[in-house]
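Participant: Quick one: the structure is below, and I'll ask about it shortly.
Computed from the coordinates by the stated procedures, all read-outs in this text should not be read as laboratory data. In this text the structure is predicted, and so the values were computed from the model without any measurement. Backbone-built Cβ (ideal geometry, glycine too); neighbour counts: all protein chains shown.
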Amino acid sequence: MSRLATTLCGIPLKNPVIAASGTFGYGLEFASLLDLNKLGGLCTKGLSREPIAGNPAPRLWEAEAGMMNSVGLQNVGVRAFVADKLPKLRHYRVPVFANVFGYAADDYAEVVRVLEDAEGIAGYELNVSCPNVKQGGIFFSSDPACLADLVTSVRRIAKRPLMVKLSPNVAKIEPLAQAAADAGADALSLVNTFLSLAIDAKTRRPRLGNGFGGLSGPAVKPIALRLVYEASRAVAIPVIGLGGIANGTDAAEFLIAGAQAVQVGTATFWDPRAPVRIARQLDRFVRDQRLQSVRQLIGTLQLKQGIH
């Protein structure tokens, strides 16, 4: 599928379809279900300074046209990942992006410091949708100054490409996108899940054990497309789009909106092979459009200014 070959922050990708963080485990869990080498790339589960057990069950709820989750960023911790998971991932010819999170800038910096000494990682994806407890519970993702400080502190350590994953739970995405780019981010990925609540009317209790959760899946795609379009126009660095991508046409829409690559998440819950299938469908779409390269789709949306 040479039509799909592209690059992201100088990293060659076989195709622009990346398995998203949080829905693809560490990648190894899917190795018996699909050929990992056919992925454009994969983002690991979020990695923290220390292991995290996650939130109480139930953690998932199937919503209309989507899914809610409150997994709670369960993971083995960065050191166990480097010791136990990464050596196995190195057997595959797929770019691995380590998703990183923390509750203060020092946490992010320490995780990246550990990963910097490890081989087999193409780049980092900072999940900034965690409350910064050292700043009174402010979310990095909603305060441009706070976000800039975080990216700056990690940028000092990270020699590999640095991607920042933005939240949709903000009034305007442009100031956050610009803050991350100005502070040294090499790319942006968006969007993360939408804060939501599902209720069992009979018990009058939340459907999820932790109460609130994050909504993802096809229901959020139109909003995600709008945010990707706005972010891609606000910055000069690459944008990776995600949010409800279930087929090749969905992926094409995000590229047309301005994304240079896409991530597939929730779709893997009902189709574990979704990222490979979507890449194949995207290739057919590019062929049918009589394009030589998928890159010819990027940023081609024809939208009258001021329409939104």
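Participant: Please list, ordered by first then second residue, the pairs with beta carbon atoms under 7 Å, 6 or more apart or interchain, first in the range 31-60 and closer than 17 Å to VAL76 by Cβ and without any contact (Cβ under 8 Å) to a residue 24 or more places away in the chain, second part of a loop (DSSP other than H, G, I, E, B) and polar (S, T, N, Q).
Facilitator: Pairs found: ALA53/GLN74; GLY54/GLN74.
Participant: Additional query: I'd like the full set of residues that are in contact with a Pro (Cβ under 9 Å, 6 or more places away or on another chain), surrounded by fewer than 22 Cβ atoms within 10 Å (Cβ to Cβ) and not small (Gly, Ala, Ser), limited to the range 122-176.
Facilitator: Across the range 122-176, the qualifying residues are ILE138, PHE139, PRO144, PRO175.
Participant: Tell me which residues, restricted to the range 264-308, are under 30 Å from GLU29 (Cβ atoms) and either touching a His at 6+ places or on another chain (Cβ under 7 Å) or not in a helix (DSSP H, G or I) (or both).
Facilitator: Residues satisfying the conditions are VAL264, GLY265, THR266, ASP271, PRO272, ARG273.
Participant: Continuing with the same structure: Restricting to strands (runs of 3 or more DSSP E) lying wholly in the range 144-242: which have 1 or more residues that are in contact with an Asp or Glu (Cβ under 8 Å, 6 or more places away or on another chain) and touching a residue at least 40 places away in the same chain (Cβ under 8 Å)?
Facilitator: 162-165, 187-190
Participant: Additional query: Within the range 85-121, how many residues are closer than 26 Å to PHE30 by Cβ, touching a helix residue (DSSP H, G or I) at 6+ places or on another chain (Cβ under 7 Å) and free of Cβ contacts under 8 Å to residues at least 40 places away in the same chain?
Facilitator: 4
Participant: I want to confirm something. Restricting to the range 218-267 and keeping residues that are among the hydroxyl-bearing types (Ser, Thr, Tyr) and under 20 Å from GLN178 (Cβ atoms), which single residue is surrounded by the most Cβ atoms within 10 Å (Cβ to Cβ)?
Facilitator: SER232
Participant: Please verify whether the range 77-86 includes one or more residues that are assigned to a loop (DSSP other than H, G, I, E, B) and buried (at least 17 other Cβ atoms within 10 Å of the Cβ).
Facilitator: no
Participant: Which pairs turn up if I take residues in the range 6-17 that are surrounded by 20 or more Cβ atoms within 10 Å (Cβ to Cβ) and look for partners that are polar (S, T, N, Q) with beta carbon separation below 6 Å, at least 6 apart in sequence or on another chain?
Facilitator: What qualifies is LEU13/THR6; PRO16/THR6.
Participant: If you take the residues of the range 122-132 that are of a type in the set (A, V, I, L, M, F, W, C) and farther than 17 Å from GLY27 by Cβ, which of them is nearest to the chain's Cα centre (by Cα)?
Facilitator: By that ranking, first place goes to LEU126.
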